[in-house]
Amino acid sequence: MDRFEEAYNQYQNQTNVNADSENNLLNKEKIVAVRKNEDGDLIGFQTETGRELDYIEALAEAKAGKLAHVDVFHKYGRDILRSEPDGIKENNLDMLPDF
């Protein structure tokens, strides 16, 4: 197998990995509403199934890959939950309805 065939095979495998990750979204819950404190900080999250998670629970579930369209990153010396950056303001956690 020459390098071109090898590169094409790698490309095909990458496509399969992306398809698998899209299928995994079906098994993840989406956050559909949030609760904020008086300062406007996010303190609670409601999933599409109606579960209510506090911040620590939501962080743990996001780290475990159980929540769709959110990322955990480390800043200010702690882990922070945020929506995946996709350029759409309407689906940012801060823009979701209150519960």
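For the stretch 29-95, give the magnitude of the charge dipole about the Cα centre (Cβ charges: +1 Lys/Arg, -1 Asp/Glu; no others), in debye to the nearest 20.
It works out to roughly 140 debye.
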> Once Cα extents along the principal axes in Å is worked out from the coordinates, which option in (i) 68, 25, 22; (ii) 47, 27, 21; (iii) 63, 32, 24 does it equal?
Replying inline: (iii)
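Provide the FRET efficiency to the nearest 0.05 for the Arg78-Asn27 pair, computing r from the beta carbons and using R0 = 30 Å. Don't jump to the answer; show the numbers that get you there.
Working: r = 28 Å, r/R0 = 0.92.
Computed FRET efficiency for Arg78 and Asn27 comes out at 0.60.
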> Of Ala68, Ala7, Ile80, which is farthest on the positive side of the dipole of the chain, counting Cα position, with +1 on Lys and Arg Cβ, -1 on Asp and Glu Cβ, and the Cα centre as origin?
Replying inline: Ile80
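We did not get these values from a lab; they are worked out from the coordinates using the rules stated. Just so you know, these numbers come straight off a predicted model, no measurement behind them. So basically every Cβ, Gly included, is an ideal-geometry build from the backbone, and we count neighbours across all protein chains shown.
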